[in-house]
Amino acid sequence: MIKKSPYIILGLEDNFEFKDIKKAYRKLIREFSPENHPKKFAEISDAYDILTDEEYFWNGTITNLYYIDIQLDIESNKDIDNSRHLKNIFEVPFNI
Amino acid sequence: MARKKRKKLQKKQFLSLFESKNYQKLISKAKQFEIEDMSQDEVDNILKEAYLNLANDSFNIGDIARAIRDINSLLLIDDSNNIKLLKVKYLCYIENFNDALKLAKELMSVKKDTKLVKEAIFLYLLANLYTQNYEIDLKLLKKIPISREKYILGLSAFMQDDRELALNYFNESKPRAKIEKENIETIKSIISQSTIAYKKENIKPLYRFLLSGNMDNLANTKNIGAVKKDISAQFKSRKNNEEIEELLDLDHSVSIDVIKNNTNETEEGRLIYNNIILLLEENQYNEALTLFIQYKSKLVKLTESGFLLLYLIHYIQDSQQSTDKAIEFISSYLFLHNSKISSSHIDMLLLSAFKLTIYPATIFPLVKKYNRDNFIFLKQKLIYLTDITPSDHDTFNKILKKFKISYNSLLDEKRLHLIFLSDDHKNTIYLSQHISKFIEFLIMVEQPHYKYKKTLFMILTTIASLVQDFNFNKERDLYMKALTIINQYIKRFRMNILNLSIDLKALFISIDREESIKQIVDKPLFSIRDLFMTEGDYDFNETEYDILMAKKISIENLENNIQDSFKPLKKLKNRIYQNDIFYTLLMDLLRKAVEIKYNKPTDIIIKEILSTLNISLNDKKIRDSLVKEVVKYAITDINIAILIFRYALLNISKKDKNLVWYLSWLDGYINLVDKYKLEKDQLFKESLDDFFKIQEKKKFKSIDAKYRKNVKKFR
């Protein structure tokens, strides 16, 4: 099963320490309460458990894969303008 | 000098070359040989067609230079205007527009071939445009078909960067032929950069190339090289971008080249990481592993890669490759991230490192670095049991006091180690001593955490199984030690003795019978079952065990003066018919009660035992079997046998006294008293009288022999 990286869910940047995990968790559950944001709350709790609970960690590790969010600017779907080559290379649409 | 005569070639051979389309050879033969039975004109006609086909073939595959050479050769044989027109076309394709214009102009003045002239005009007008001469001779333009006229105007507008006007003209150019229509549509799509469903098989190679990057049959001209490079790069880049987007969306994995072509260094590691995740999801384990090892130096910087490594561990183990690199990774990863991850995570990584090597000692420095000395203890001391000191027992004690999954996992390795050891040292003193030492470790544990219960009992099961491979008499101490530790842990963990594994139950029976009840069964050497299960094949049934346990606990209760001592017998109450050992149970319990001077009369004890088991002496099966067992038991303890008889005889109801079984009981009793020279008290006399009285009255045939014997003995 592919899940989002628990570090990303908890907003943990590169230079955090283990003790920051709990702080991040508490901050997020204040923002996303179970009553108003049940799915998000579950996701945050799940992430916290994975990182801190021994049994949860051991049981989850070999069945779950965690992906990373990546922001990348892609020149996507840029139209290829090859029409200029029609000017330089001879071709004829008719049978001659 | 006379001209050398050319050799001859048969007509048949010459024509067969033509029919098989072997035109090059045909032409070569025509130059070398004189063709028999063919005039020069006939030969020339064949050659014309050969050259034409060759030129056409070359043109179709894009080799225009070759096509022109063939046309030039053809013109030597046939300089007809149609061939010249063909040359004009090829000259345009090869971008030799000056020569094309010259020849086209020449053809435009041909008389009486309107079609040829129109084609020549069309090519002439086109060639001018391609030389950037956008002044169109309108008179000439009007001479060509309207579809071509509009095309020329459209192309002219396009070349002068008026796309809108060009498209308008192309819209008005409506050739009749389907393929020409499709070509025009394709040009419009290229110019307007609109999406077109590319299904058109027969469109011109250049249009297909501009639309899709497909280079098949593209004319090989001097400008085409740079164009190919540019367009291929554009399409490749677009494809790469599309694939990267699919990777970002986690649709599917991509090739590593796509990642390397697209991204900067910072993102590369993260993209490779996600790509590996996708490969694993797609079950491409080998590819995932290869990438992981190849790019481990980038991946190690990501905290998430610690999870990934753990996921990949058993694939690394299975592949038996890259284990060293994986261990390096673990070491680097811990160095970078140890302050970020949980203690469990560190544990698991270190245990994984152990799994990757057959030399655990090589991992010890790493383990020590992260203060997991207990891992070393469990991996080394507990496994090999050499140089044991009292402080080792203390260490083990402390380890088992606190529960950690990592400790549990390493503890289980001891179980596996015992199994492997038994394969190599079956029934040897070495094994017996090793097991004995290990039991001592277990005995010294004061308070094992309850969460170790399952693992510890699996270890005890393994011990029980291995011990029963030894001869009981030769290794009695080992058996008793195993029994001690098992009892100790049953008590400690409050195990229900009826829920123990087969191997443990069997050990109790083996000790009770004073011989191993384990049967030797042919098993494959390396079955998974051998590794993970120690369940042997034993010669006993569950009821025998249950009776044994019920007796054991009842005796313990008697010794400890626990109220309702025989309560454990309740579980047997519906099963006593299954096993004759029940009778021995009854008498053993009575015997124990008498031995410890249990503070109840023996009659009450017997009554209590029988009522707990929910049986009565009126039960036919009991009546018939018990007397035999009591007589047998007399050898062990005559007093107990007599007590049972006395109880039975004094509690039989009057209406049952005239029956055969009662006479059997009387016979059994009086002969026991006589045999063991016990006091012939009032009960004896009454029993003897009853025996004779009833038999003389009832004359039971089955009792007759006993009667005559007793008459001889007692009258």
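The values are calculated or read from the model by the stated rules, or taken from the named source; none is laboratory data. Just so we're clear, the structure is a prediction, and the values are computed from it rather than from any experiment. Cβ sites come from the backbone with ideal geometry, for glycine too, and all protein chains shown count toward neighbours.
Tabulated results
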read-out: Among (1) under 21 Å from B:D78 (Cα atoms); (2) surrounded by 11 or more Cβ atoms within 10 Å (Cβ to Cβ) - the single one B:Q13 does not satisfy; value: (1)
read-out: Some residue of segment B:301-318 being more than 21 Å from the chain's Cα centre (by Cα), in a helix (DSSP H, G or I) and surrounded by fewer than 17 Cβ atoms within 10 Å (Cβ to Cβ); value: no
read-out: Breaking point among (1) within 12 Å of chain A (Cβ to nearest Cβ); (2) closer than 13 Å to B:K355 by Cα, for B:L278; value: (2)
read-out: Residues (assigned to a helix (DSSP H, G or I) and at pLDDT below 80) located in segment B:609-622; value: B:K620, B:K621, B:I622
read-out: Among (1) surrounded by 14 or more Cβ atoms within 10 Å (Cβ to Cβ); (2) within 20 Å of B:A550 (Cα to Cα) - the single one B:V631 does not satisfy; value: (2)
read-out: Selected residue (criterion: nearest to B:L299 (Cα to Cα)) from residues of segment B:234-265 that are out of contact with any helix residue (DSSP H, G or I) (no Cβ under 9 Å at 6 or more places or on another chain) and at the interface with chain A (Cβ under 10 Å from one of its Cβ atoms); value: B:N264
read-out: Qualifying residue in segment B:437-452 (condition: touching a Phe, Trp or Tyr at 6+ places or on another chain (Cβ under 9 Å), surrounded by 16 or more Cβ atoms within 10 Å (Cβ to Cβ), free of Cβ contacts under 8 Å to residues at least 40 places away in the same chain and not polar (S, T, N, Q)); value: no
read-out: Looking only at segment B:240-253, and only at residues there that are part of a helix (DSSP H, G or I) and under 25 Å from B:N286 (Cβ atoms), the one that is modelled with the lowest pLDDT; value: B:N240
read-out: Matching residues in segment B:254-266 - criterion: being buried (at least 16 other Cβ atoms within 10 Å of the Cβ) and outside any loop (DSSP other than H, G, I, E, B); value: B:I256, B:V258, B:I259, B:N262
read-out: Pair list, Cβ under 6 Å, 6 or more apart: segment B:693-709 residue outside any helix (DSSP H, G or I), other residue at pLDDT 95 or above; value: none
read-out: Residue in segment B:90-112 that is part of a loop (DSSP other than H, G, I, E, B), over 27 Å from B:N220 (Cα atoms), of a type in the set (S, T, Y) and more than 12 Å from chain A (Cβ to nearest Cβ) present; value: yes
read-out: Test result for B:K340, of a type in the set (K, R), within 10 Å of another protein chain (Cβ to nearest Cβ), buried (at least 20 other Cβ atoms within 10 Å of the Cβ) and closer than 24 Å to A:P6 by Cα; value: yes
read-out: Only one of B:L85, B:L75, B:L17, B:L54 that is within 27 Å of B:K204 (Cα to Cα) and free of Cβ contacts under 8 Å to residues at least 24 places away in the same chain; value: B:L75
read-out: Candidate set from segment B:540-586 (those that are part of a loop (DSSP other than H, G, I, E, B) and closer than 14 Å to B:N614 by Cβ); member that is modelled with the highest pLDDT; value: B:F566
read-out: Subset tally (residues that are farther than 11 Å from B:N286 by Cα and more than 14 Å from chain A (Cβ to nearest Cβ)) for segment B:308-320; value: 1
read-out: Selection within segment B:623-660 - assigned to a loop (DSSP other than H, G, I, E, B), farther than 21 Å from B:K693 by Cα and polar (S, T, N, Q); value: B:T636
read-out: Count - residues of segment B:113-134 that are over 20 Å from B:N82 (Cα atoms), of a type outside the set (V, I, T) and more than 10 Å from every other protein chain (Cβ to nearest Cβ); value: 3
read-out: Near pairs, Cβ below 7 angstrom, 6+ apart or cross-chain, from segment B:208-219 (acidic (D, E)) to any residue that is modelled with pLDDT of 85 or more; value: B:D216/B:P205
read-out: Where a residue in segment B:105-121 is free of Cβ contacts under 8 Å to residues at least 60 places away in the same chain and its partner, wherever it lies, is among the aliphatic types (A, V, I, L, M) and part of a loop (DSSP other than H, G, I, E, B), with Cβ under 9 Å and at least six apart; value: B:L116/B:V110; B:V117/B:V110; B:K118/B:I144; B:E119/A:I96; B:E119/B:I144; B:A120/B:V110; B:I121/B:I144
read-out: Selection status of B:K48, in contact (Cβ under 8 Å) with a residue 12 or more places away in the chain and among the basic types (K, R); value: yes
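To keep it simple, each residue is scored yes or no on (1) facing chain A (nearest Cβ under 10 Å); (2) over 53 Å from the mean Cα position of the chain (by Cα); (3) in a helix (DSSP H, G or I).
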{"residue": "B:I136", "(1), (2), (3)": "no, yes, no"}
{"residue": "B:I152", "(1), (2), (3)": "no, yes, yes"}
{"residue": "B:F158", "(1), (2), (3)": "yes, yes, yes"}
{"residue": "B:E164", "(1), (2), (3)": "no, yes, yes"}
{"residue": "B:L167", "(1), (2), (3)": "no, yes, yes"}
{"residue": "B:S194", "(1), (2), (3)": "yes, no, no"}
{"residue": "B:Y207", "(1), (2), (3)": "yes, no, yes"}
{"residue": "B:N214", "(1), (2), (3)": "no, no, no"}
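Matching residues to (1) under 30 Å from B:E440 (Cα atoms); (2) within 14 Å of chain A (Cβ to nearest Cβ):
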{"position": "B:S297", "(1), (2)": "no, no"}
{"position": "B:K301", "(1), (2)": "no, yes"}
{"position": "B:K325", "(1), (2)": "no, no"}
{"position": "B:F329", "(1), (2)": "no, no"}
{"position": "B:F335", "(1), (2)": "no, no"}
{"position": "B:L351", "(1), (2)": "yes, yes"}
{"position": "B:K368", "(1), (2)": "yes, no"}
{"position": "B:D373", "(1), (2)": "yes, no"}
{"position": "B:P390", "(1), (2)": "yes, no"}
